[in-house]
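The values are calculated or read from the model by the stated rules, or taken from the named source; none is laboratory data. Bear in mind the structure is a predicted one, so any value in this text is a computation, not a measurement. Ideal geometry is used to build each Cβ from the backbone, glycine not excepted, and the neighbour counts take in all protein chains shown. Ligands, DNA and RNA are stripped out before the accessible areas are found, and what is left, the full protein with its side chains, is counted by its heavy atoms. Shrake-Rupley method; radii C 1.70, N 1.55, O 1.52, S 1.80 Å.
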Amino acid sequence: MNKLPRPVVDDPAAIKLLAKNDQVKSFPHLQDVVETITAGYDQYLAAEGDALRVNQVVLSEEVEGYLRAHYARPPAALSHITALRLEAEQRVCPMCGSMHRGTLDHLLPKEDYAAFAVFSQNLIPACKCNIRRGQTVTGQGAGERILHPYFDECLAERLIAARFEELGRVPRITLQILADPAHPHYSAIAFHVREIVSNSAILKYVSDRWAHLCQLPELAVRALSVVPESVDALRTLLEHERDLTDRAHSGRNNWNSVFVTGLLDADVLQWLYDCLSAPGRDPNGPLL
Ligand SMILES: [Zn+2]
């Protein structure tokens, strides 16, 4: 999960240019629907990409097919698609917070929302979590929808953390939502976490980080090569680590920040401090 800056693309100009191109298969069929499509773009922007508020645009199956085909093989007028596909793959996935991307995908699926198949504001560089999501965009409950990385400012807030219980070599690990239940987008946040983040490999990732922590604490948090003087010193050290991790990944909901934030729970902090400072423990050895 991460907030992304919106792509700077003149989408109405792009679709108008494409409609005039007599060298592509869609010619001249897009010419009659350019106004309909650009009106759809305007409405999408007015609704700020909110899956509950964006209207579906009615187009013929033929035109829908042309738009999906243009997404697959973008002509020059749609060069923004090619550029977005080349977006840095090593960066955090804005949908689930994993440490990579790898695909360009549609926030509102092109199967149900063909009018937005080539719309830059609907194209999100993401990891395979977005493919796994399929065509899910909204839920049954009030306010349940997926979050939009270009529009939902709350994605820049710290929304989730790992929760460690039954502390030991193999703790019970779950995800907790940090957003206040009174948060105006709480239903959307909870839905997004349930439908996308929880279905990713996040718990496996966090579990691996915990295994590193047990094996040699500095493998998980570099500064733990030295045993902190107190629980407070450990908290300060981990807060610093969390803030650096946030900065390195341009957001607070990447999987590394989710792991470190989980360590800042009061019970975990005390347990970790007790283990680190246990009499006879080698500071350069295993935690347990
Ligand atoms: Zn992802």
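Here are some notes:
- Average 1/r across all pairs of distinct alpha carbons in the range 157-276, invert it, and you get the Kirkwood radius: 14.8 Å.
- Neighbourhood charge, 14 Å Cβ-Cβ cut-off, centred on residue 154 and excluding it, Lys, Arg +1 and Asp, Glu -1: -2
- Of 103, 38, the order by accessible heavy-atom surface (1.4 Å probe, DNA, RNA and ligands excluded), from most exposed downward, is 103, 38.
- Label-point gap, in nm, between residue 274 and residue 25 - each point 7 angstrom along Cα→Cβ: 6.6 nm
- Look at the dipole of the chain built from charges on Cβ: of 131, 7, 95, the Cα furthest out on the positive end belongs to 131.
- Taking 0.36 nm per residue of separation and subtracting the current Cα-Cα distance, fully stretching the chain between residue 248 and residue 230 would add 3.8 nm.
- Rounded to the nearest 20 debye, the dipole magnitude of the chain is 660 debye, with +1 charges on Lys and Arg beta carbons, -1 on Asp and Glu beta carbons, and the Cα centre as origin.
- For the range 168-213 and the range 13-64, distance of Cα centres in Å: 37 Å
- Net charge dipole, the range 185-288: roughly 320 debye, given to the nearest 20, about the Cα centre with Cβ charges of +1 for Lys and Arg and -1 for Asp and Glu.
- For the chain, calculated [θ]222 nm from helices alone, where every DSSP H run of n ≥ 4 adds -39500 (n - 2.57): -11000 deg cm²/dmol
- Cysteines in the chain that, by Cβ-Cβ distance, have no pairing candidate under 4.7 Å: 154, 214, 275
- Relative packing of 68-80, 189-201, which averages over residues the other C-beta atoms within 10 Å, highest first: 189-201, 68-80
- Taking the chain as the region of interest, the number of lysine pairs whose Cα atoms are within less than 20 Å, with members eight or more places apart or on different chains, is 6.
- Using 0.36 nm per residue and subtracting the Cα-Cα separation, the extra length available between residue 73 and residue 86 on full extension is 3.3 nm.
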